[in-house]
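Contents: one structure, followed by commentary.
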Amino acid sequence: MFTMVSTTCDSKEAAEKIAHIVLNQRLAACVQISDTISSHYRWKGEIVQDQEFLVTMKTRKAHFAMLTKLIKDNHPYEIPEIISVELSEISKEYHNWLQQETKREQERE
C-alpha cells in the first residue's frame, strides 16, 4: 500500500534539505516541491498568513512512521504539517517503480 505524504516549509532550502534526506534514505520514491503557496492558519491565538513551499512525497504506508520522524527531526517548524493520503488507484508501472525505489537496504539483500 502506498501513500502520499505532504508537509510545508518556510524556505526552498528547508524543503530541499528534507527532500534530499528522504530520497537518500529511500523513504520516498519521489519528492515534489511546489513553488510558493499562500497559507492562512491559526497559530497561538492569531490568524497568520505566510508564503510556504509544499513538499509532497510518494512512499510506502509502512514507511510513514520513519518518514514522520525524519521530517520532525529536520523541519524548521515547532509543529510541522505531516499529512498522509492513501493512494487507492495507481498505474501498474508506477506502482512497480514505487515498490522498487522505496526498498530499504535490508530489503535489497
Looking at the range 79-88, is at least one residue of a type in the set (Val, Ile, Thr), under 14 Å from Phe2 (Cα atoms) and at pLDDT 95 or above? yes
Given (1) surrounded by fewer than 15 Cβ atoms within 10 Å (Cβ to Cβ); (2) free of Cβ contacts under 8 Å to residues at least 12 places away in the same chain, index of the condition Ile37 fails: (2)
Taking into account only those residues within the range 51-62 that are of a type in the set (Lys, Arg) and crowded, with 20+ Cβ neighbours inside 10 Å, which is nearest to Met1 (Cα to Cα)? Arg60
By residue number, the members of the range 78-98 that are without any contact (Cβ under 8 Å) to a residue 24 or more places away in the chain and not aliphatic (A, V, I, L, M) are Glu78, Ser88, Glu89, Ser91, Lys92, Glu93, Tyr94, Asn96
Taking Ala19 as the residue in question, decide whether it is in contact (Cβ under 8 Å) with a residue 24 or more places away in the chain, surrounded by 13 or more Cβ atoms within 10 Å (Cβ to Cβ) and in contact with a Pro (Cβ under 6 Å, 6 or more places away or on another chain). no
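With Ala65, Ala29 as the choices, which residue is surrounded by 13 or more Cβ atoms within 10 Å (Cβ to Cβ) and either among the small types (Gly, Ala, Ser) or modelled with pLDDT under 95 (or both)? Reasoning before the result, please.
Working: Ala65 fails: surrounded by 13 or more Cβ atoms within 10 Å (Cβ to Cβ).
Sole residue among the options that is surrounded by 13 or more Cβ atoms within 10 Å (Cβ to Cβ) and either among the small types (Gly, Ala, Ser) or modelled with pLDDT under 95 (or both): Ala29.
Tell me the strands (runs of 3 or more DSSP E) entirely within the range 1-88 that contain at least 2 residues that are within 15 Å of Glu101 (Cβ to Cβ) and hydrophobic (A, V, I, L, M, F, W, C). I'd like the intermediate steps shown before the answer.
On the way: elements: 2-9, 30-43, 46-60, 83-87.
Correct list: 2-9, 30-43.
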Output the number of the condition that His75 fails; it satisfies all remaining conditions of (1) touching a residue at least 12 places away in the same chain (Cβ under 8 Å); (2) over 14 Å from Thr7 (Cβ atoms). (2)
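The values are calculated or read from the model by the stated rules, or taken from the named source; none is laboratory data. These numbers were taken from a predicted model, which means no experiment stands behind them. Note: ideal-geometry Cβ built from the backbone for every residue, glycine included; neighbour counts use all protein chains shown.
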